[in-house]
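Data first, discussion second: the structure below is written as structure tokens.
The values are calculated or read from the model by the stated rules, or taken from the named source; none is laboratory data. Just so we're clear, the structure is a prediction, and the values are computed from it rather than from any experiment. Neighbour counts run over all protein chains shown; Cβ positions are idealised from the backbone, glycine included. Just the protein is used for accessible areas: all its heavy atoms, side chains included, with ligands, DNA and RNA removed. Shrake-Rupley method; radii C 1.70, N 1.55, O 1.52, S 1.80 Å.
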Amino acid sequence: MKTLIIGPSWVGDMMMSQSLYRSLKVQNPDVVIDVMAPAWCRPLLARMPEVNQALPMPLGHGALAIGQRYQLGKQLRDQSYKQAIVLPNSFKSALVPFFAQIPKRTGWRGEMRYGLLNDVRVLDKIAFPLMVQRYAALAYDKKDIHSAEDIPQPILWPQLHVNQQEIVDTTAKFNLSGDRLTIGFCPGAEFGPAKRWPHYHYAELAKNLIDQGYQIVLFGSAKDKEAGEQIRSALPQDLQPYCYNLAGDTQLEQAVILIAGCAAVISNDSGLMHIAAALNKPLIALYGPSSPDFTPPLSHQAKVIRLIEGYFKIRKGDAQQGYHQSLIDILPERVLVELNMLLANEGPK
């Protein structure tokens, strides 16, 4: 059973999609799973043992490009795929499997994709409240899965694999101290400052952790570099050497390896949060307007802190520098207490 997955375009969604691949493998260990996704996803897919190969999706997130999608599909016709599973809900994401003439094309109905998909599922959002449930459900015959409770339990959560030698080599490459354990901070958020814990709270937490004997490493993309510098510069000058701002300096694969080497991670609701969860790191996940009721960190090692309820689709809060009040109200002292409890539960290394 050779299966093509049309994968998502965001880090967190790509991580959660591994639950689908793991579920497919449990049902049929011989299934061959290829995932078509943006090239940046390759470092994540390479660490998912269920995935045979990553196929590059060369088209941008918003491009319809029917002609190019036709050519992509045509090139896949001789690959003998028996099934395609389309994870994004867009019309265009279902075009390549249709043009590839894959016999069974599975996915949620999304943007009215009858015809493009011939194994169409109609989503009941109440019956499948979590995104990971919606992905995992597609591994099974639709006549057997009517709600999340029908999915074999427990759902197989994402698991990334990193070996110790990779951690040693990458730590040395970035000249991180080997004398202190590392706490990772992920201070960025894809959709702006409203989803970010304030930099001054991160700085206060960093100060306390450095005083406890840790070092801090800040992770993120190039656009998170400034947020990282705000945190680092807010520290007393004598503590700044113990805080490394690697946002924008690491490739995704390097960030995965370095996060795997952390004693724990503090993160906003972001793709890196889901990576830390899949690495089974002790994790404090800080939520404001976005809701963990849809995309929580999938780990028993994670502690979610959120002070409000509901979901608010905003990208800039009303408070100074665009922060959301619900995140401002999460005080560093609270996070430190929760983090120390997680670390205590880990025991000695």
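For ASP119, indicate whether it is at pLDDT 95 or above and open to solvent by 50 Å² or more (accessible area, probe 1.4 Å). Please lay out each step first, then the result.
Working: at pLDDT 95 or above: yes; open to solvent by 50 Å² or more (accessible area, probe 1.4 Å): no.
Answer is no for this residue.
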Taking the stretch 177-209 and keeping only residues that are open to solvent by 10 Å² or more (accessible area, probe 1.4 Å) and of a type in the set (Ser, Thr, Tyr), one is left with SER177, THR182, TYR200
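Would you point out the residue of the stretch 5-25, among those that are farther than 20 Å from ILE257 by Cβ and of a type in the set (Val, Ile, Thr), that is surrounded by the fewest Cβ atoms within 10 Å (Cβ to Cβ)? Explain how you work it out, then say what you get.
Of the stretch 5-25, the ones farther than 20 Å from ILE257 by Cβ are 5-10, 13, 16-17, 19-25.
Now narrow it down to the ones that are of a type in the set (Val, Ile, Thr): 5-6.
Working: ILE5: 27, ILE6: 23.
Going through the qualifying residues, I end up with ILE6.
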From the options GLY271, GLY248, residue that is without any contact (Cβ under 8 Å) to a residue 40 or more places away in the chain, closer than 23 Å to ARG42 by Cα and not aliphatic (A, V, I, L, M)
GLY248
Restricting to strands (runs of 3 or more DSSP E) lying wholly in the stretch 178-249: which have 2 or more residues that are β-branched (Val, Ile, Thr) and over 24 Å from SER9 (Cβ atoms)?
182-186, 215-218
Among the residues in the stretch 19-36, are any over 26 Å from ASP150 (Cα atoms), in contact with a helix residue (DSSP H, G or I) (Cβ under 9 Å, 6 or more places away or on another chain) and modelled with pLDDT under 95?
no
Here's a check for you: in the stretch 181-224, which residue that is at pLDDT 95 or above and among the charged types (D, E, K, R) is farthest from GLU333 (Cα to Cα)?
ASP211
Which listed residue, of GLU149, GLU190, is touching a Gly at 6+ places or on another chain (Cβ under 8 Å) and of a type in the set (Asp, Glu)
GLU190
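With the requirement that a residue be in a helix (DSSP H, G or I) and open to solvent by 20 Å² or more (accessible area, probe 1.4 Å), what does the stretch 132-166 give you?
GLN133, ARG134, GLU149, ASP150, GLN164, GLN165, GLU166
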I'd like to check which strands (runs of 3 or more DSSP E) are fully inside the stretch 250-349 and have at least 1 residues that are among the polar types (S, T, N, Q) and crowded, with 24+ Cβ neighbours inside 10 Å.
264-268
